[in-house]
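J.: Below is a structure I'd like to ask you about.
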Amino acid sequence: MPANTKSAGKTALAETGLSEQTLMGLYTNLLKTRLLDERFRKLFRQGRFAGTYFSAVGQEATTVGPTYGLRDDDIIAPSHREIGANVTKGVPIEIIAAQVYARGNSPDKGKSHPCHYGWRPKGVITPASTVAGQTIIGTGCAMAFRIQKKDNVVVAFFGEGSTARGGWHEALNYAGIYKLPIVYVCQNNLWAESVPATLAAGITDFADRAKAYGFPGVTIDGNDIVTVHKTAADAIAKARSGGGPTLIECKTYRWYGHSEIDPADYRAQEELEAWKKKDPVLRAEKLLTDLGLLTTEKREAMVEQISAEIDAAIDSVDKAPYSAPEEAYNDVYSAQFPVRRDEY
Amino acid sequence: MKKVTYIEAITQALDEEMARDERVFLIGEDIGLYGGVFKATKGLMDKYGAERVIDSPISEVYIAGGSVGAAMVGMKPVPEIQFADFITPSMDQIIQQMAKLRYRTAGQWTCPVTMRVCCGADVGGGLYHSQINEQWFVSQPGLIVVMPATPYDAKGLLKAAIRGEDPVIYFEHKRLYRWIKEEIPEDDFTVPIGKAAVRKKGNDITIVSYGLMYHRAAEAVTALEKDGISAELIDMRTLLPWDRETIFESVKKTSRAVLVQESSKTGGVMGEVGAAIAEEIFDYLDAPVTRVCGIDVPAVPFAPPMEHFFLPNADKISRAVKKVLEY
């Protein structure tokens, strides 16, 4: 590499304000999320697991960026499209795959749903399908951290559609009053299932909602991993040091349907094509290549390594048994209150 | 032993549990500075501070959901719903999150929330301050539902609920707050969740009830005694999971049952109790299981004659008992 190019790269690296290690870490998680997500889509279409699958392809930066650098004892409150947050928080691919396949070795033993990822050792609280529910619970976690005088933070993820729910507003109102240690990440992917954001609210920038609760709201390019990570990291540091909540709206887009059973034919093809040009993974790749941190060979090696990891995980869950049906009787109450078993 | 009212017993339980376990905190509307609209939390903010006795905004969704989140990271929340009538916004959090959390995470997380719900009629509260909606919750496995009828049980069940690992909906009846007094021990005690109390032994018929209606049933039992009828009186105390053994044992002995609840008949707790008796101990019955309930209208009407027309009372219960005995 010519000396002048290397020097130009160093200047640009400084401009990102992030270390080489952070940039590579972010990119690795973006790539892992993309590859895993596309694999699950394919596996679902092959009929390899039941239910449906909620892909987040196209909006990986919104989940990887805020999660990277969190501590294990920080909480993330995801919804169903936050596979990237789980990957980045450090949930092993085997655990995520077991969840998607509803196998007995899944953290929920197969009880909830393929995309209800949750794993206590990494502080990922399992979501329910009632969107925004998790935002409220995440706010409760932050309330507890305040009472416990701990410096843990919560990062709560949701889509712009969830902000129509009353409980979402109650949670943010509460967080504003008590300056709770929480960062709200709104992934505005322009579509709440089939309802466009223009029919979900009378505003275009959902970060404006924060004003009503007395804390800052910022709208950012959700497909730019550097911007997303830096904005979130600043907000997290502020929350951790007692500065209160921030609402970050990430403008982004999901490439596929609400779930794999949705052909998304309510959207214009041109809209999709325009957003595909803003692919967050390719943009990160370009940045890292320009900075001299990534080469085609290096990327291919990374893809190979991650794919092998995914192959091993899928192979393992393919062989893993489901829980016995009687597992359905467990975990209703503590052991003190056994569930009645009807016999016929 | 000192005589205390039902509401004093509740305050004592909260105070003692907050003193013994720093994870216990309270959140609800008007519970701090004001001490609660019925004064159940009087003095607790002064004693434990505003971080453990939290005056919440009018946000039943958050009161319930925030409590779930706090419980997940090691706290023991005791949220208050000021009137059962206002619990509807929090139903999503109670049913979808609180009740299912242990199940949908396969026990990774538990939800030790004790939600105090002030309920009940016979206080002139009208349509939106008199409801008793325990039937909405007893259809949801994953929840514990309790309703004490006496100061002793009010204190003991609340302490047991707070010390437990399951989400408990704790219904307290506002008509009972200052109406009944009882001597209770000054030493620490709990009342086991899931166990009914046989309040009076009898041989001719079993009367099952809970909450305020337990007292109406007790009045009926006293009146029936004068007519030579020996009724066995059971106070359910826990409505989910309910004490099948105690009730079945009694009905097997008496062969007859009258079930009394304050809420409307349709879809109520006693529908479940009655169906279980029919399903499991039918051979022991000498007469149809009969229910005495609130009338099937949307809520308790306001004007006093209509309110009392709505509610079961000792006369209605006595007439039902005699009808069953004559069958």
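All of the numbers you see were taken from the coordinates with simple rules; none came from a lab. Note that this is a predicted model, so its numbers are computed, not measured. Positions of Cβ are backbone-derived with ideal geometry, glycine not excepted, and every protein chain shown enters the neighbour counts.
J.: Here is the link list: B:Lys39/B:Lys265; A:Lys109/A:Lys150; B:Lys195/B:Lys252. Which ones come out longer than 28 Å on Cα distance? Please report the intermediate quantities before stating the final value.
T.: On the way: B:Lys39/B:Lys265 32 Å; A:Lys109/A:Lys150 31 Å; B:Lys195/B:Lys252 18 Å.
Going by Cα-Cα distance, B:Lys39/B:Lys265; A:Lys109/A:Lys150 fall outside the 28 Å limit.
J.: Sort B:261-272, A:98-109 by packing, meaning the average of other beta carbons within 10 Å per residue, with the highest value first. Please report the intermediate quantities before stating the final value.
T.: Numbers: B:261-272: 20.7, A:98-109: 22.8.
By packing density, highest mean first, the sequence is A:98-109, B:261-272.
J.: Using 0.36 nm per residue, how much length does the chain from A:Ala50 to A:Glu273 gain when fully extended, once their Cα-Cα distance is taken away?
T.: Working: separation 223, 0.36 × 223 = 80.28 nm, distance 2.99 nm.
Roughly 77.3 nm would be gained on extension.
J.: Could you give log10 I(q)/I(0) at q = 0.11 Å⁻¹ for chain A, computed by the Debye formula over C-alpha point scatterers of equal weight, without solvent?
T.: Calculated log10 I(q)/I(0) at the listed q: -0.74.
J.: Cβ neighbours within 10 Å, averaged per peptide: list A:83-89, B:48-54 in order, most packed at the top. Can you show the working numbers first?
T.: On the way: A:83-89: 28.1, B:48-54: 17.9.
My ranking of the peptides, most packed first, is A:83-89, B:48-54.
J.: Given the Cα-Cα distance of B:Thr190 and B:Met1 and 0.36 nm per residue of separation, how much length would full extension add, in nm? The partial results should precede the final answer.
T.: Values: separation 189, 0.36 × 189 = 68.04 nm, distance 1.59 nm.
Taking B:Thr190 through B:Met1 to full extension adds about 66.5 nm, to one decimal.
J.: Still on this structure, I have one more. Of the beta bridges DSSP finds with both residues in chain A, what % are antiparallel, to the nearest 5?
T.: Values: 3 of 24 bridges.
In chain A, approximately 10 percent of DSSP beta bridges are antiparallel ones.
J.: Checking the cross-link filter: which aspartates and glutamates have an alpha carbon closer than 18 Å to that of A:Lys319, excluding same-chain neighbours under 8 positions apart?
T.: In chain and number order, the partners are A:Glu94, A:Asp108, A:Glu309, A:Asp311.
J.: What is chain A's relative contact order, in percent, from Cα pairs under 8 angstrom and six or more apart in sequence?
T.: Values: 612 pairs, mean separation 73.3, N = 344.
The normalised contact order for chain A reaches 21 percent.
J.: Could you compute the FRET efficiency for A:Ser241 and A:Ala14, with r as their C-beta to C-beta distance and R0 at 25 Å, rounded to 0.05?
T.: Numbers: r = 25 Å, r/R0 = 1.02.
With a Förster radius of 25 Å, E is 0.50.
J.: OK, next. If N is the number of residues in the stretch B:35-110, what value comes out of its Cα radius of gyration divided by 2.2 N^0.38 Å? All intermediate terms of the calculation are to be shown ahead of the outcome.
T.: Numbers: Rg = 13.6 Å, N = 76, 2.2 N^0.38 = 11.4 Å.
Dividing the Cα Rg of the stretch B:35-110 by 2.2 N^0.38 Å gives 1.19.
J.: Per 10 Å bin, what percent of the C-alpha pairs of the stretch B:82-165 does each bin hold, from zero upward?
T.: Percent of Cα pairs in each bin: 16, 44, 32, 7, 1.
J.: Testing the spin-label approximation: label points 7 Å from Cα along Cα→Cβ at A:Arg120 and A:Glu300. State their distance in nm.
T.: 4.6
J.: In peptide B:72-85, how many Cβ atoms from other protein chains are near each Cβ within 10 Å, on average? Walk me through the intermediate numbers first.
T.: Numbers: counts 10, 15, 6, 7, 0, 4, 0, 0, 0, 0, 0, 0, 0, 0.
Average neighbour count from other chains, rounded to a whole number: 3.
J.: In the stretch B:137-206, if every C-alpha pair distance is counted and binned at 10 Å from zero, what percent goes to each bin?
T.: For the stretch B:137-206, the binned pair fractions read 17, 44, 31, 8 percent.
J.: To the nearest whole percent, what portion of all C-alpha pairs in the stretch A:89-195 is separated by more than 15 angstrom? Each step should come with its number before you reach the end.
T.: Values: 3765 of 5671 pairs.
It works out to 66 percent of all Cα pairs.
J.: Which percentage, to the nearest 5, of the DSSP beta bridges contained in the protein assembly as shown is antiparallel? Each step should come with its number before you reach the end.
T.: Details: 12 of 64 bridges.
Antiparallel: roughly 20 percent of the beta bridges in the protein assembly as shown.
J.: Local charge sum around B:Val61 (other residues, Cβ-Cβ under 11 Å, Lys/Arg +1, Asp/Glu -1)? Walk me through the numbers on the way to the answer.
T.: Numbers: positive: A:Arg165; negative: A:Glu170, B:Glu60, B:Asp92.
Around B:Val61, the charge tally is -2.
J.: How would you order B:87-96, B:186-195 from highest to lowest mean count of nearby Cβ atoms within 10 Å?
T.: Values: B:87-96: 21.2, B:186-195: 14.4.
In descending order of packing, they fall as B:87-96, B:186-195.
J.: Here's a follow-up. Compute the normalised compactness of the protein assembly as shown: alpha-carbon radius of gyration over 2.2 N^0.38 Å, N being the residue count.
T.: Details: Rg = 28.7 Å, N = 671, 2.2 N^0.38 = 26.1 Å.
This ratio for the protein assembly as shown stands at 1.10.
J.: Taking a cut-off of 20 Å, what percent of all Cα-Cα pairs in the stretch A:227-302 are separated by more than that?
T.: Result for the distance tail: 58 percent.
J.: Tell me which aspartates and glutamates have Cα within less than 16 Å of A:Lys278's Cα, excluding those fewer than 8 residues away on the same chain?
T.: A:Glu60, A:Asp221, A:Asp224, A:Glu270
J.: Roughly what % of Cα-Cα distances in the stretch B:113-233 sit above 21 Å, to the whole percent? It would help to have the intermediate numbers written out before the result.
T.: On the way: 3342 of 7260 pairs.
For the stretch B:113-233, the share of Cα pairs beyond 21 Å comes to 46 percent.
J.: Per DSSP H run of n ≥ 4, the term is -39500 (n - 2.57); total these for chain B, divide by its residue number, and report the mean residue ellipticity at 222 nm rounded to 500 deg cm²/dmol.
T.: Dividing the helical sum by the residues of chain B leaves -10000 deg cm²/dmol.
J.: Let me ask something else. Please label the shape of the stretch B:230-327 as rounded, prolate or oblate, based on the square roots a ≥ b ≥ c of the eigenvalues of the alpha-carbon gyration tensor (a/c under 1.5 means rounded; beyond that, a/b larger than b/c means prolate, else oblate).
T.: Numbers: a/c = 2.20, a/b = 1.57, b/c = 1.40.
Judged from the Cα gyration tensor, the stretch B:230-327 comes out prolate (a/c at least 1.5, a/b above b/c).
J.: Taking only the alpha-carbon positions of chain B and ignoring solvent, what does the Debye formula give for the base-10 log of I(q)/I(0) at q = 0.07, 0.08, 0.10, 0.16 Å⁻¹?
T.: After summing over all Cα pairs, the log10 values are -0.27, -0.36, -0.56, -1.36.
J.: What FRET efficiency do you get for B:Ser139 and B:Asp30 if R0 is 30 Å and r is their Cβ-Cβ distance, rounded to the nearest 0.05? Provide the component values of the computation, followed by the final result.
T.: Working: r = 30 Å, r/R0 = 0.99.
After rounding to 0.05, the efficiency reads 0.50.
J.: Can you give the FRET efficiency for B:Lys39 and B:Ala275, using 1/(1 + (r/R0)^6), R0 = 56 Å, r = Cβ-Cβ distance, to the nearest 0.05?
T.: Numbers: r = 40 Å, r/R0 = 0.71.
After rounding, the FRET efficiency stands at 0.90.
J.: Next question. So what does log10 I(q)/I(0) come out to for the stretch A:141-295 at q = 0.15, 0.18, 0.20 Å⁻¹, using the Debye formula with one equal point on every Cα and no solvent?
T.: For the stretch A:141-295 at q = 0.15, 0.18, 0.20 Å⁻¹, log10 I(q)/I(0) is -0.86, -1.09, -1.21.
J.: With each run of n ≥ 4 DSSP H residues scored as -39500 (n - 2.57), what mean residue ellipticity at 222 nm is computed for chain A after dividing by its residue count and rounding to the nearest 500 deg cm²/dmol?
T.: Numbers: 11 runs with 151 residues, N = 344.
Helices in chain A give a 222 nm mean residue ellipticity of -14000 deg cm²/dmol.
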